[in-house]
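Below you'll find the structure, written out as C-alpha cells, and then a few comments.
Laboratory data are not the source of any read-out in this text; all were calculated from the coordinates shown. All values derive from a computational prediction rather than experimental measurement. When we count neighbours, we look across all protein chains shown, and the Cβ atoms used for this are built from the backbone with ideal geometry, even at glycine.
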Amino acid sequence: MRKSEVLAAEAVSCLNKALCHLKDIWEEIGIPEDQRLQRTNAVQKHIKHLLEMMIKEEETLKMKLLSSIQTCKTEMEKLCLELQIAVFEEEEGLSILQQETNIRTQMEALKKEKNQRMQQLKTLLEQDQDLCDILCSMPYGIAPDSVPSPEQLQNFHQHIADQNREKEKRYAEFMELKKQITLHMEELDRIPETSFEKDVVCEDEDSFCLSRDNITALKLLFCQLEELKAENEATCESLRERIQQLWDRLQVSQEEREALNEHLVSSRKRNLEALQAEVQRLEELKLQNIRNVTDAIRSEIAVFWEKCFFSADQRQAFAPYFSEDFNEELLALHDAEIQRLKQHYEDHRELFQGVNKWEENWRLFLDLEKKATDPTRFTNRGGNLLKEEKQRSELHKNLPKLEKKLKDQIDAWENEQGREFLVNGQKFLQYVAQQWELHQMEKEQVKLQRHLKKSKQTEEDMLYGTAVRTPTKRRFLGTPTSNKARKFNATSSLSSGTTNSTMRSAYGGTVCHSPVHRLPLSANKTPAARTPGSGKPPYPRVQGCNKENKAQLKETPLSARPVQGL
C-alpha cells in the first residue's frame, strides 16, 4: 500500500476516534439526543467545509500547473522558432508537476541561449558601427532585434575580422602617404591650404576617416605633390644648366659662382626663386655682352659641327654664324642652333662616337704606316719597333670589323629614319672608301717618287761615275769593323739579299745595308776616264737597293687590302 493511502486511512481512523470521543463527552455531560444530533451535524459540516477548501486549493494548484505547462509550451515554441532549433518532444507517462518542471527548465535554457546570442550580436553591432564610421563603409546586413543563428554570428565575426584587417591596411597606407606628403610639402615650402590637406597634415591620425575615397584623394594629393616636386627639380636643373652656360659664356668669376653653391644642390621653393633670379641677372648681363656671348656660342657650335661631322655646305647653311650684326635676335638664333645641334648629337651619339673611333684608329693606322717606311726606325733599341708592328697589324684587322659594325648601325638608322646618314657631307661608307683610296694613291705616289729618285741616281752614277758615300762609322746593328771586314761586306753584299729580304718581311720595311767603300786610288795612278753606258755594272749597294725596291713592289700594301663589309 502506498504511503498516501496509509495516511488517508489513519486520517479516517483519527476522525472516527474523534467522533467517538465527542459522543462519550456528550453522554457524560448529558446532552440530549437531539442536541447531540445537532452537534454531530455541525462537526460534519465543519469537516466537510474544511475538506472542500482543501480540495479547492489543490484543484487550483492543478489548474496553475496545467496553465504553466501551456504557457511554457507556447513560449518555448516561440524561442525555438527564434533560435532556429527544433521543438523538444514531451515524454509520456509524466505527472503534471513533472511535465511543468521539465518544460520550465527547457524554457529557461532557451532564454539563456537567446540572451547570449543577443549579447554577442550587440557587441558585434557596436564594433561594426565603429568600423563603419572609420572606414565609411555600409553596416553589416543583420537586424539588431532578431535572434541570430550560430552561423550568422560566425559570419559576422569573420566580417569584423576582415574589416579590422582592412582598417589596419588603410591606416598603414595612410601613415605612409601622410609621411611622404609632409616631406614633399616641406621640400616645396608649402603649407596645407584645403581642409582636406589640413586634416591630413595637422589633425590627429586616429580621427582621420579611412574611407576609400579619402585614400584615393591621398594618393592623388601625393601624386600632385610628386609631380610638382619633379617639375621643380626639372626646372631647377634646367636653370642650373642655363646658369652654367651663362657663367661660362660670360666668364663669371669663381667667387660669384660660389655664392650660389647652396642653391645648386636642393630644389626647394627658395632655391628655385634664387636660381630664377640668377638667370634673370645673367640674361640681363648677357644682353650687355651680346657680342662676347655670341662668340662663345659660335665656339660651341663649331665644336658640335666637328662632333657631328658637318660638311662645309651644312655649316654654310647656318647663315647667322657669319653675320656681324650682333643683336638679341642673332643671339636667339645662335641659342636655338646650339640646342638643335646638341639634340642632334644626343640622338645620334652612338653613331658619331663610332665614326670618331674609326677616325682615331685610322689616323693611328696612317701614322704607323708612315713610321713603317722610315729607315731611321731601325736605330731604336727599346722594343718599340715590334710593338708598332703588332699594333699596326691589329689595326689592319680591326678597322674593317669596325667599318662593318658601323655599316650595320647606319643601315638600321637609315631604314628607321628614312634618310641618309652623312659624314662631312657624304655617306660614311663612301667617305671610308675615299680615305682608303687616297691612302693607296699616296702610297703609290711615294713608291713612284722613290723609284724615279733611284733611277735618276743610277743614271748619274753611270754617267759621272759617282756614288753616294755614307759615314764610315755607320753600321747596321753592330760595332765598327776593320778594313778587311769592309772588303768582305763589299764582296758579299750581293749574296746578302736573301737575308735582308727575310728581315724586311719580318719588320715590314726596308733594311739599309752597310755602306760599301771603294778602294783608295793610288797616288801614282790617274783615274781612268769613264764613258757613259759602259758595260761595268753599278756598285753592289745600288743593286741591293734595287732588289729591295723590287721586293717591296711585289708585296701587297696593308692599306690596299679590300675593306670588309663595304
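I'd like the distance separating the alpha-carbon centroids of region 110-148 and region 1-48, in whole Å.
Comparing the Cα centres of region 110-148 and region 1-48, I get a distance of 71 Å.
What is the gain in length, in nm to one decimal, between Ser311 and Arg450 on full extension, counting 0.36 nm per residue of separation less the C-alpha to C-alpha distance? All intermediate terms of the calculation are to be shown ahead of the outcome.
Numbers: separation 139, 0.36 × 139 = 50.04 nm, distance 3.51 nm.
Extra length available between Ser311 and Arg450 comes to 46.5 nm.
Glu193 versus Lys404, label points 7 Å from Cα toward the beta carbon: distance in nm?
Result: 6.3 nm between the two label points.
Relative contact order (percent) for region 1-160, with alpha-carbon contacts under 8 angstrom and 6 or more residues of separation? Write down the numbers at each step before the final one.
Working: 65 pairs, mean separation 29.2, N = 160.
Here the relative contact order equals 18 percent.
Need one number: nm distance between label points at Ala172 and Ala302, each 7 Å from Cα along Cα→Cβ, rounded to one decimal.
6.4
Using a Förster radius of 60 Å, what is the FRET efficiency between Thr101 and Glu203 based on their Cβ-Cβ separation? Nearest 0.05, please. List each step's numbers first, then the result.
On the way: r = 62 Å, r/R0 = 1.04.
Calculated value: 0.45.
Using the Karplus curve 6.51 cos²θ - 1.76 cosθ + 1.60 with θ = phi - 60°, work out ³J(HN,Hα) for each residue of region 214-221 in order, rounded to whole Hz, and write x for Gly and Pro.
Per-residue couplings from phi come out as 5, 5, 5, 5, 4, 4, 5, 4 Hz.
Could you pull out which residues in region 126-154 have an amide N less than 19 Å from a spot 7 Å beyond the Cα of Lys78, following the Cα-Cβ vector?
Residues 144-149 fall inside that zone.
Calculated FRET efficiency, Leu7 and Gln129, Cβ-Cβ r, R0 56 Å, to nearest 0.05? Spell out each step's value before the answer.
Numbers: r = 65 Å, r/R0 = 1.16.
According to the calculation, E is roughly 0.30.
Would you mind giving the average projected area, over all directions, of the Cα convex hull of region 115-216 in nm² with one decimal? Please report the intermediate quantities before stating the final value.
On the way: hull surface 28.8 nm².
In nm², the orientation-averaged hull projection of region 115-216 is 7.2.
Kindly state, to the nearest 0.05, the FRET efficiency for Lys179 paired with Glu273, given R0 = 30 Å and r defined as their beta-carbon distance. Can you show the working numbers first?
Values: r = 26 Å, r/R0 = 0.88.
The pair Lys179/Glu273 has a calculated efficiency of 0.70.
Round to a whole angstrom and tell me the spacing of the C-alpha centers of region 239-305 and region 396-426.
Distance between centres, Cα-based: 38 Å.
For Gln391 and Ala42, compute 0.36 nm times the residue count separating them, minus their Cα-Cα distance, and round to one decimal in nm. Before the final figure, lay out each step's value.
Working: separation 349, 0.36 × 349 = 125.64 nm, distance 15.75 nm.
Computed gain between Gln391 and Ala42 is 109.9 nm.
Express in nm, to one decimal, how much length is gained between Phe326 and Leu66 on full extension, taking 0.36 nm for each residue of separation and deducting their alpha carbon distance.
Numbers: separation 260, 0.36 × 260 = 93.60 nm, distance 12.26 nm.
Length difference between fully extended and current span is 81.3 nm.
What do you get when you divide the Cα radius of gyration of region 32-110 by 2.2 N^0.38 Å, with N the number of residues?
On the way: Rg = 22.1 Å, N = 79, 2.2 N^0.38 = 11.6 Å.
Dividing the Cα radius of gyration by 2.2 N^0.38 Å gives 1.91.
If you average 1/r over all unlike Cα pairs in region 150-267 and invert the result, what Kirkwood radius do you get in angstrom?
On the way: mean 1/r = 0.0561 Å⁻¹.
Roughly 17.8 Å, rounded to one decimal.
Just how large is the dipole of region 32-110 about the Cα centre, in debye to the nearest 20, putting +1 at every Lys and Arg Cβ and -1 at every Asp and Glu Cβ?
About 580 debye.
Kindly state, as a whole number, the per residue volume in cubic angstrom of the convex hull around the alpha carbon atoms of region 1-159.
On the way: hull volume 26.4 nm³, N = 159.
For region 1-159, the hull spanned by Cα atoms encloses 166 Å³ per residue.
Obtain the nm distance between the two label points defined at Gln440 and Gln417 by a simple spin-label model: each point lies 7 Å from its Cα along the Cα-to-C-beta direction.
Taking the two extended label points, one gets 2.9 nm.
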